[in-house]
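What follows is a set of notes on a single structure, which appears directly below.
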Amino acid sequence: MDVARLVELNAAYARAIDNEQFEQWPELFADPCLYKVTTADNVAKGLESGIMYADSRDMLRDRVSALRKANIYERQRYRHIVGLPHVMGHANGATDVETPFLIVRIMRDGTMPLFATGCSRHTVATGRDGALKLAERIVVCDGGRFDTLVAIPL
């Protein structure tokens, strides 16, 4: 798989979240899909639990709907700094990729604390229209402690 296309997919993912265009975020996924936010400690221990979990595009859309209409959280934005994707392998027409990230949280008062670092482990497939889609995206955070609710997808 062309690494430039993987970079473009990661850029579109980060842009949708960072620009608060959350309704575009689920469209980057295949259906069915798996999206999970977890910690490096959980992964090392073989624990499947996650901070966020969805196994269909409809669940992702529901997450966006809850974010827009139901969740109450302190106003904030993210800014992703995304590293270059590393192709881990190919199987069954899909590509396994790992991409490092750093996320800064921008608060309403202008403070900008480091929110999360880690890597996303994703499986990417080509959709019928030729566009790359995320069949699986496991966000593995280096740390396991967040000073606030993880309301916005990582």
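The values are calculated or read from the model by the stated rules, or taken from the named source; none is laboratory data. As the structure is a computational prediction, the values presented were derived from the model and not from experiment. Cβ atoms come from the backbone with ideal geometry, glycine included; neighbour counts cover every protein chain shown.
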In the stretch 1-46, what count of residues is obtained for those that are assigned to a loop (DSSP other than H, G, I, E, B) and either surrounded by fewer than 20 Cβ atoms within 10 Å (Cβ to Cβ) or of a type in the set (Val, Ile, Thr) (or both)? 7
Quick count over the stretch 43-64, residues being more than 20 Å from ALA151 (Cβ to Cβ) and either of a type in the set (A, V, I, L, M) or touching a Ser or Thr at 6+ places or on another chain (Cβ under 9 Å) (or both), is 4
Strands (runs of 3 or more DSSP E) contained entirely in the stretch 64-151, each with at least 2 residues that are basic (Lys, Arg), surrounded by 19 or more Cβ atoms within 10 Å (Cβ to Cβ) and at negative phi: 132-141
Here are some residues: ALA66, ALA16. Which one is closer than 19 Å to VAL97 by Cβ and among the small types (Gly, Ala, Ser)? ALA16
For the condition within 23 Å of GLY50 (Cβ to Cβ), at pLDDT below 90, basic (Lys, Arg) and more than 17 Å from the chain's Cα centre (by Cα), what is the one hit in ARG145, ARG128? ARG145
Restricting the search to the stretch 1-42, which residues are of a type in the set (Gly, Ala, Ser) and farther than 27 Å from GLY144 by Cβ? ALA4, ALA11, ALA12, ALA30
Report, by residue number, each residue of the stretch 22-58 that is free of Cβ contacts under 8 Å to residues at least 40 places away in the same chain and polar (S, T, N, Q). GLN24, SER49, SER56
Tell me which residues, restricted to the stretch 65-83, are modelled with pLDDT of 95 or more and in contact with a Ser or Thr (Cβ under 7 Å, 6 or more places away or on another chain). VAL82, GLY83
Looking at (1) out of contact with any Asp or Glu (no Cβ under 9 Å at 6 or more places or on another chain); (2) of a type in the set (S, T, N, Q); (3) part of a helix (DSSP H, G or I), can you tell me which one SER49 breaks? (3)
Does any residue in the stretch 1-15 that is without any contact (Cβ under 8 Å) to a residue 40 or more places away in the chain come within less than 8 Å, Cβ to Cβ, of a residue that is buried (at least 19 other Cβ atoms within 10 Å of the Cβ) and part of a helix (DSSP H, G or I) six or more places away or on a different chain, and which pairs are these? ALA12/LEU28
Here the residues within the stretch 2-49 that are of a type in the set (D, E, K, R), under 17 Å from VAL139 (Cα atoms) and touching a strand residue (DSSP E or B) at 6+ places or on another chain (Cβ under 6 Å) are ASP18, LYS36
Given the conditions (1) farther than 17 Å from ARG5 by Cα; (2) at pLDDT below 95, every one holds for GLY93 apart from (1)
